[in-house]
Structures are given as structure tokens and as C-alpha cells.
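What follows is a short report on a single structure.
The values are calculated or read from the model by the stated rules, or taken from the named source; none is laboratory data. This one's a predicted model, so the numbers in the text were calculated from it and none came from an experiment. Here the Cβ positions follow ideal geometry from the backbone for every residue, glycine too, while neighbour counts run over all protein chains shown.
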Amino acid sequence: MSNKPSLSIIIPVYNEGENVFELYNELSGNLLQLNKTYEIIFIDDGSTDNTFEEIKKIKDERVKIVQFQRNCGKAAALSCGFKKAEGDMVITMDGDLQDDPKEIPRFLEKLNEYDMVSGWKFERHDPISKTLPSKFFNKLTRFLTGVNINDFNCGYKAYRNYVVKNISVYGEFHRYIPALAHWKGYTVGEIKVEHHPRIHGKSKYGIERLLKGFLDLITVTFLMMYKKRPLHVFGGIGFTFGLSGTVICMYLLSLWIMGTTIGDRPLLMLGILFMVIGVQFISLGLIGELITNDRNNDDYIIKYDSYELDTNY
Ligand code: UDP
Ligand code: MG
């Protein structure tokens, strides 16, 4: 019989030395009641405090730990956890005791209806400098990505195993996992979760997350929409510029043929500029196509395949 657990809990931790043991205790208490086999995977994201030692002290073979050489960010930690997770159901949560383990049964129940379920910190216990920008960020992300949930950045989420194996999270894309999953064709649900104030340690994210988050939103949107067809976006812009430039230059050419001097016309500069910009954009699109073509990785995920009857997707 395989000893594969049925539930994997992934916890990225960076300088959470004061929190990990308490979290383990609370978590175990809740998980034992579930009557499921489970594993708890701590990813120590290059902590410089005693986080690693504190986790090592836990004597429980269900607790796994991966330590990064240096701090690589929450997305990298999650990505590593996703690779390791063996359970059919996977839950991610923060390691700072802000996410309450008692919500796990509700997550699992909702996971019967959806491929992934995202937590919504309905009553958030964070300073206003965080909650206000977050409201704006969530509205914009909802609008741009088309995923209808209220809280993208909640670390508390549940997934079916095939979802975590099929999405790639890097950079700071952990904020956009629901969008990444949605674009792959998975269904995304949401439940309200209780959120506690942080008691030990401090938040790892400051105001700079706003700008980074916004830039990432542009990247994510762009990647999802045009990754497989870069020329469609760059070519479109290039064509518009190129055509405007050509029309301007043709007009000036006709004036020149009729005997007017055009060398001192600022319009000439504009026409030439537009044509050059047009060529630039089209070339950029073609380079994009070259890169996409070269990688040639399939974009589809197979749900059922009669060639592989024994495979359980
Ligand atoms: N975290 C991490 N690597 C980082 C920053 C944060 O693994 O570079 C972890 C952190 O230890 C915590 C979770 O990600 O478990 C959420 O971080 P934090 O509580 O600072 O974020 P906030 O709640 O302020 O959004
Ligand atoms: Mg936190």
C-alpha cells in the first residue's frame, strides 16, 4: 500500500521563528480531527533567524522541510512546495498565524465543487495602509483578469493536486494564482476566512508591493493574452504607426511632385518617425514569435485521453 498522504499543507516561512511551533500545534490539532492522512511541508525561504531550527525540533514524520539557500520570495517557496506536494488536495497557508487552521474542513468541502478555492479575508486585521490599496488592487485585477473573486492576495488557498502541478508560479506571481488557474481552464471558488492580526514577527511586504504588484499584473495579463501570438499585439501597434507614417509621406510626396518644397516641413519628420516606429514594433513582434516558436511548449492541459485509459487525471 502506498503511504501517499491525501492532504498536503504547504507553508512558506521567512523569519517566522516565533510562529512555526505554535502553528504546527494548532494545525495538528485540527488535522487530526479530519481523519485524513496528511503532510505538512514547510518551505524555509532563506530565513536568517531560528525558523529552521524551530521546525527541526518538531518530532513528527508528517512534517517535511525544505530550506532555501537564500531568500527567494514567496512565489518561489510556493512553487517548490507545489512540486513536492503528494496529496490529492493541497492547501497553502501563511506561516505567521494570521490564517486559522480551523477553516481547513470548509476549504475541503468547497473543493468538491471547484478545482481551486481561494480564501477571502473578509474582516482583515491589517493596517489601513494595507487594506485600502488592496481593495483597489483587487478591483483592478478582477476587471483585467476576469476572475470573479474578492481577495487575490490571500495566502490561504486550497487546490486539487493537478492544478498545482500545472501552473508555474515565479517572480511575485503568487498574487495571481487564481488568474493563472482560471486561464488554464480551472474553476476558481472563494470562501470567507477568519483572519487574525499578526502577533509575532513583522510583515515582509511594504508599500513597494503596490508598484511591483501593478507591474506584475501587466505582465500576467500580457502573457496570458498574447504569449502564443506576440505579433498580434506588437504587429497591430506597428501596423498602425507604419500606415500613418506612409500616408503622411505619400501626401508630402504628392506635394513635392507638384513642385512644393517639403524639406522644411516638420510633418516630414513625423512621417518618417512613424514609419521607423512601425518597423520597430513589427520586428519586436517577430522576435517574440521566434522565441515562442523556439520554446514550443504546449499550452493545453488534457482532461481525458482515451489513448491512456488507465491514467487518472
Ligand atoms: N514569506 C516568504 N518569503 C518572503 C516573504 C514572505 O516565504 O520573501 C512568507 C512569510 O513568512 C509568511 C507569508 O509568506 O508566512 C506571508 O508573508 P507576510 O505575512 O509578511 O505577508 P502579509 O500577511 O503582510 O501579506
Ligand atoms: Mg501575514
Exercise. Any residue in segment 69-85 that's closer than 16 Å to Asn153 by Cα: show its pairings with residues that are among the polar types (S, T, N, Q) and at pLDDT 95 or above at Cβ separation under 8 Å, as long as the two are six or more apart or on different chains.
Key: Leu78/Thr92
Practice problem: Being part of a helix (DSSP H, G or I), farther than 30 Å from Asp298 by Cα and of a type outside the set (A, V, I, L, M, F, W, C) is the filter here, so list the residues in segment 163-210 that pass it. | Solution: Glu208, Arg209
Quiz item: In segment 1-23, which residues are within 13 Å of ligand 1 (Cβ to nearest atom) and surrounded by 18 or more Cβ atoms within 10 Å (Cβ to Cβ)?
Solution: Ile9, Ile10, Ile11, Pro12, Val13, Tyr14, Asn15, Glu16, Gly17, Asn19, Val20, Leu23
Exercise. Look through segment 115-162, keep the residues that are β-branched (Val, Ile, Thr), touching a residue at least 24 places away in the same chain (Cβ under 8 Å) and part of a helix (DSSP H, G or I), and return whichever of them is farthest from ligand 1 (Cβ to nearest atom).
Key: Thr145
Self-check item: So Ala85, is it modelled with pLDDT of 95 or more, away from ligand 2 (no atom under 16 Å from the Cβ) and more than 22 Å from Asn148 (Cα to Cα)
Solution: yes
Exercise. Scan segment 194-225 residue by residue and report those that are within 14 Å of the chain's Cα centre (by Cα) and of a type outside the set (D, E, K, R).
Key: Gly213, Phe214, Leu215, Leu217, Ile218, Thr219, Val220, Thr221, Phe222, Leu223, Met224
Exercise. Name the single residue, out of those in segment 153-184 being among the aliphatic types (A, V, I, L, M) and more than 9 Å from the chain's Cα centre (by Cα), that is nearest to Ile11 (Cα to Cα).
Key: Ala158
Quiz item: For Gly238, which of the numbered conditions (1) surrounded by fewer than 16 Cβ atoms within 10 Å (Cβ to Cβ); (2) away from ligand 1 (no atom under 16 Å from the Cβ) fails to hold?
Solution: (1)
Quiz prompt | Test: Tyr38 is hydroxyl-bearing (Ser, Thr, Tyr), within 9 Å of ligand 1 (Cβ to nearest atom) and either within 26 Å of Tyr170 (Cβ to Cβ) or in contact with a Pro (Cβ under 6 Å, 6 or more places away or on another chain) (or both) | solution = no
Self-check item: Of all residues in segment 109-148 being surrounded by 14 or more Cβ atoms within 10 Å (Cβ to Cβ) and among the acidic types (Asp, Glu), the one that is farthest from the chain's Cα centre (by Cα)
Solution: Asp126
Exercise. Could you tell me which of the residues Thr145, Thr141, Thr131, Thr187 is farther than 20 Å from Ile9 by Cβ and at pLDDT 95 or above?
Key: Thr187
